[in-house]
Amino acid sequence: MSETGNSPPERPDERRLHNRHGLRHQDPEARSGAPVTTRAVYRYVPHTITHVPEGGVVFEAFCTADACCEGSGPQDEQEAAQDWALHHAGRTGHDLFRRVVTDHARVTRAD
Ligand SMILES: [Zn+2]
């Protein structure tokens, strides 16, 4: 008992959590008792989605360092976002960036 004195207190808590989840999933009244108030019928209509070049592409870089919320802002050119990241890294030492590229797409009904 004294050898494993650190681990036993954690195990009962884990079991309790598992039991709570199990009771929720195994409760048959909760599932069957829920009334169905709405019903929607969807007709299948084929659509296509296509990249729209004239909508533009936006490049942006975000610094991921803790407590640093700086970003390049939306840029029309990828180089601009990358240059911002390079300058930011040189100035702060922050070296990990989340890069986002956004394009536009149009959905059209295929009649
Ligand atoms: Zn930063």
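For this structure, a couple of remarks:
- Remark: the range 41-47, residue by residue, has Karplus-estimated 3J(HN,Hα) of 10, 9, 8, 6, 10, x, 10 Hz, where x stands for each Gly or Pro and the curve is 6.51 cos²θ - 1.76 cosθ + 1.60 at θ = phi - 60°.
- Along the range 94-100 the Karplus relation, 6.51 cos²θ - 1.76 cosθ + 1.60 evaluated at θ = phi - 60°, assigns HN-Hα couplings of 5, 10, 10, 10, 9, 9, 10 Hz to successive residues, with x for each Gly and Pro.
- Accessible area per residue, Å², the range 47-109 with all protein chains present, probe 1.4 Å: 73 Å²
- Modelled spin-label separation between V57 and E77, with each label point placed 7 Å from Cα along the Cα-to-Cβ direction: 1.5 nm.
- Extension gain (nm, one decimal) between A105 and R43, 0.36 nm per residue minus Cα-Cα: 20.0 nm
The values are calculated or read from the model by the stated rules, or taken from the named source; none is laboratory data. Fair warning: this is a prediction, and the values are worked out from it, not measured in the lab. Cβ sites come from the backbone with ideal geometry, for glycine too, and all protein chains shown count toward neighbours. Accessible surface is based on the protein model in full, side chains and every heavy atom, while ligands, DNA and RNA are left aside. Shrake-Rupley method; radii C 1.70, N 1.55, O 1.52, S 1.80 Å.
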